[in-house]
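Inspection log for the structure reproduced underneath, given as structure tokens.
Just so you know, all these numbers are worked out from the coordinates, no wet-lab data involved. Since this is a predicted model, take the numbers as computed values, not measurements. A quick note on method: Cβ atoms are made from the backbone with ideal geometry, for glycine too, and the neighbour counts reach across all protein chains shown.
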Amino acid sequence: MIVDGNSILNRAFYGLSKTANLTNSEGLHTNAVFGFINILSKYLAEEEPKYLCVAFDLKAPTFRHKEYDQYKAQRKGMPPELAEQVPIIKQVLDAMNIKRVEVEGYEADDILGSISLCAEENGMEAILLTGDRDSLQLASETTRIKLPVTRGNKTETDEYDSQKVFEKYGVAPIKLIDVKGLMGDSSDNIPGVPGIGEKTALDLIKKFGSIEGIYENIELVEKKGVREKLEANKDLAFLCKRLATIERRMPNICNIEQYLRVDFDKDKLYDIFKKLEFKTFIDKFGLKDNTSLQPLDNMAVEHIKISSIVDLEQYINAIKSSKKMTVYYRMDISGSFVDDLCIYACEDDSLPAVFIFSKDFSSESAIKALKGIFENQEIKIYGHDLKAFIKHLKASGIEINGLAFDTMIAAYILEPTRSSYRISELSEDILNKTITPAENLYDKHGNKLQDLKIDSNTICATCAKVIFELVQALTPIIKENEQEELFYNIELPLVEVLADMELWGFKVDVEGLQNFSKELDGKISVLEDEIYMLAGENFNINSPKQLGVILFEKLGLPSAKKTKTGYSTGAEVLEKLSQKHEIIDRILEYRQLMKLKSTYADGLLTVIDKNTGKIHSSFNQTVTATGRISSTEPNLQNIPIKLELGRKIRKVFIPSDKNYVLLDADYSQIELRVLAHITGDKNMLEAFNNNEDIHTTTASKVFGIPINEVSPIMRSRAKAVNFGIVYGIGDFSLAQDIGVTKKEAKRYIDEYLNKYSSVKEYMHDTVEKGKELGFVTTIFNRRRYLPELKSSNFHMRAFGERVAMNTPIQGTAADIIKISMVKVYNELKKRKLKSRLILQVHDELIIETEKTELDEVSKLLKYCMENAVSLRVPLTVDVKYGETWYETK
């Protein structure tokens, strides 16, 4: 296999740039390297070649440049984000022991041509991996060309041998040189014969066999215009043929054995992937196989098994003496303890630092014996991802009162865009120490792995020690970043709040949910009949292919261009057709109801805990870069609210029993209030401080009319501008959102920024500050790093600018709701109330409230939320209660 390095690297770069601007924590761009390795791995797995090399172009001019100085003259230089990755991919290939071939005066195409011919002459098969169709001229019975191509959102492969080339073009592969000589190639700046396109070129070569054959029989060219063009450009035609011809006899390149595949240099490759933060590839290629590694000597810690409460006493005394301890634990996916619980009595030299509980003395027994330690406020407790452990303790009636550090949360504060926060990864990245990943002790089902070549107790002991060292390493960084308030007062106490919410759960009316599913079945059935009637036949509504035929062929609706896979029938396409035929609205409603049924009506039934009758969602602190909490398994934050039927799902969410009601509070326009505070805009501050409706006020200013003349549609459009502006919305998007012309939308935005001039200044200044510092912050110093701001790619830079403008707003709003959650939770706990905080959805909190406590908790909730933070405008909260979640809205 011979790989066209430049071609595949370009393909990887531009392919991934559309979806991800991959960088490591140092800001080094890595998308091209990542994509290249993915593509190469795919085809190596498919073909398993015995010999392999990668060809690259060099900057020096080739023989083609010397013959025609305009050859490739129009090409722009590499974007700097790609250029910086070229030496990196070469380092990767060297570490993979894959031969690189670069020859001054020649192009990668020539290398592909020469080595493939060498392979043919040695009776071998050759596979050429390239994105350049010029290489099709090299196809033969034993040389295949693999071209990765993108169709829709998928990458597929077009593969050619000599027969496939002939089937597609009607000429032998080598004749494509003549075709290109006639028609030219704009990508290489080969002019060809002016006025001769691909069809004419192919027809001529099919008839005359070659450019030479054409000029030997020029009088037989039937079309006068074509003949005259050929006669006027004879020298150019032959020049272009020479430029288009891939050289196949390069010197000193035919020693096949030098391309024999050998094993990777795993250590070198690991070091490179570690720097690039390619954890996926480290695992995929089995680098630093941690299931067989011993911890480094300086990480191996002395530890002892505890088999009785009597043995534990001396360690309890050691913990009381040091007043700090690290907890390392393992739980399976059901949240139940497995055998591993490890305690590190920090910095006590009189005893082995770490002790582990053996099967003779279960973790549960140990936890009960340590109850006094856990609940002692004087003892600082450190751990990693402690939420599950805290939840487990709470279920056993034990509170952790000395929570002092969670290394996962701290790492998230410092690097909010990391894909993973595993102990082993943090140890390597922060401490520069390699340990066996504790995560490898159990498979995804909680079963103990049998192939570990290291004692699991040693792994646990090492992890406990590592956690303490991470605490020592991360603490000063948090201080230096001025993120102590964010970490210690907001994120860390939130761990316990979320643990309590997950443990308590949200009760579901199962019978009501089943009835709702049946109701949806009936409505879906009616819609199906209506759609079939309007279509004039029955068909599979869920099949885009069948639906496309009905809409665009049978009913004759205007369509986007048809692709090989059929017509596009996505929501965006259908919404534009909603006024063209009444079937469209039925299909859109049908899709909404089908999603409601599968995701919610039926989906929620599968996640109800059989013992509690509740849904115990997981609330995640380290997922979003903005600081927002996310909800999974299931995602209760995505319960639909726009469609009335969607809102009805909330009717099945009920209190635990008849003694409780649901109390719901949400912030009014919190992001706009934060915007007013941060920008200090006079008009916005005045509107909020005077308790005006901000959307009506904005409409009045944008449209230049008195407030009492603002119509509902004007207010609606002003609302779209208000919320869109901090997301960097443009005139095109706004026009689509509110159904006006692009020109009119631009006028709205211009008027808005004119009336709220401080907002305009904020948008500019925030982007500039982000470029200077490399990050933007919330008012609580939550950071979002934005290397995209310095990208030469317009789309990536524009993305960075939008995020820079929005993050301080959305992130601060996320911080405020978290502060509220901590305040509300602590106040409920302090007053020893039975009411519980059970759900957070963006700017909304829900408390399951004991009926006798309703008045007290309503006031408590409103006060805590409205006084979570002091801004230049008041925070206002709407509080409602009801027997179901639906009734509170």
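3J(HN,Hα) couplings calculated from phi for the range 305-315 with the Karplus curve 6.51 cos²θ - 1.76 cosθ + 1.60 (θ = phi - 60°) are, in sequence order, 8, 9, 10, 7, 5, 4, 4, 6, 4, 5, 7 Hz; Gly and Pro show x. Candidates Ala699, Leu643, Gly811 compared by Cα position along the dipole of the chain: farthest toward the positive end lies Ala699, with charges placed on Cβ.
Projecting label points 7 angstrom from Cα along Cα→Cβ for Ala60 and Asp585 puts them 7.1 nm apart.
My understanding is that a pair violates if its Cα-Cα distance is over 20 Å; which of Lys59/Lys771; Lys642/Lys701; Lys199/Lys229; Lys323/Lys465 do that in this structure? Checking Cα-Cα distances, Lys59/Lys771; Lys642/Lys701 exceed 20 Å. Spin-label model, Asn754/Gln546: points 7 Å from Cα along the beta carbon direction are separated by 5.5 nm. For Cα Rg over 2.2 N^0.38 Å, the candidate list reads [x] 1.15; [y] 1.90; [z] 1.42; the entry that matches the value derived from this model is [x]. With K and R counted +1 and D and E -1, the other residues having a Cβ less than 9 Å from that of Ile400 yield a net charge of -2. In the chain, taking the dipole from charged Cβ atoms about the Cα centre, the farthest positive-side position among Cys342, Met796, Tyr160 is held by Met796.
Restricting to bridges with both residues inside the chain, how much of the DSSP beta-bridge set is antiparallel, in percent to the nearest 5? Display every interim value, and only then the final one.
Numbers: 50 of 72 bridges.
Once the DSSP bridges in the chain are tallied, antiparallel ones form about 70 percent.
Taking amide hydrogens as placed 1.01 Å from N in the peptide plane, the amide H of Lys380 sits under 5 Å from those of Lys324, Met325, each at least 5 positions away in sequence or on another chain. The charge dipole of the range 246-288, taken about its Cα centre with unit charges on the Cβ atoms of Lys, Arg (+1), Asp and Glu (-1) only, comes to about 120 debye.
Listed by Cβ neighbour count within 10 Å, with the fewest neighbours leading, Val149, Val674 appear as Val149, Val674. The H on the amide N of Phe775, modeled in the peptide plane, is under 5 Å from the matching H of Leu786, each at least 5 residues off or on a different chain.
Set the Förster radius R0 to 51 Å, insert the Cβ-Cβ distance between Arg100 and Lys206 as r into 1/(1 + (r/R0)^6), and round the FRET efficiency to 0.05. So the FRET efficiency works out to roughly 0.85. Full extension of the chain between Asn538 and Glu709 yields a length gain of 56.5 nm, computed as 0.36 nm times the residue separation minus the alpha carbon distance. Using Cβ point charges alone (K and R +1, D and E -1), the dipole size of the chain about the Cα centre works out to roughly 1700 debye.
With a cut-off of 15 Å between beta carbons, the residues surrounding Val165 carry a summed charge of -1, where Lys and Arg count +1 and Asp and Glu -1.
Phi angles across the range 418-424 convert, under the Karplus curve 6.51 cos²θ - 1.76 cosθ + 1.60 with θ = phi - 60°, into 3J(HN,Hα) values of 4, 7, 8, 10, 5, 4, 4 Hz, Gly and Pro given as x.
For Val623, the residues whose modelled amide H falls within less than 5 Å of its own, excluding neighbours fewer than 5 places apart on the same chain, are Ser630.
Once the convex hull of the alpha carbons of the range 633-753 is built, what does its volume come to per residue, in cubic angstrom? Show your work: numbers first, answer last.
On the way: hull volume 21.5 nm³, N = 121.
So the per-residue hull volume is 178 Å³.
Taking 0.36 nm per residue of sequence separation and removing the Cα-Cα distance, the Lys576/Lys829 pair yields an extension gain of 85.8 nm.
One decimal place: the segment Lys368-His842 gains 167.0 nm when fully extended, by the rule 0.36 nm per residue minus the C-alpha distance. For Glu850, the shell of other residues with beta-carbons less than 15 Å away shows a net charge of +2, using +1 for Lys and Arg and -1 for Asp and Glu. Distance between the modelled labels on Lys595 and Asp283, one decimal in nanometres: 2.9 nm (7 Å Cα→Cβ projection). Checking Cβ-Cβ separations below 4.7 Å across the chain identifies Cys53, Cys240, Cys346, Cys463, Cys864 as cysteines lacking any candidate disulfide partner.
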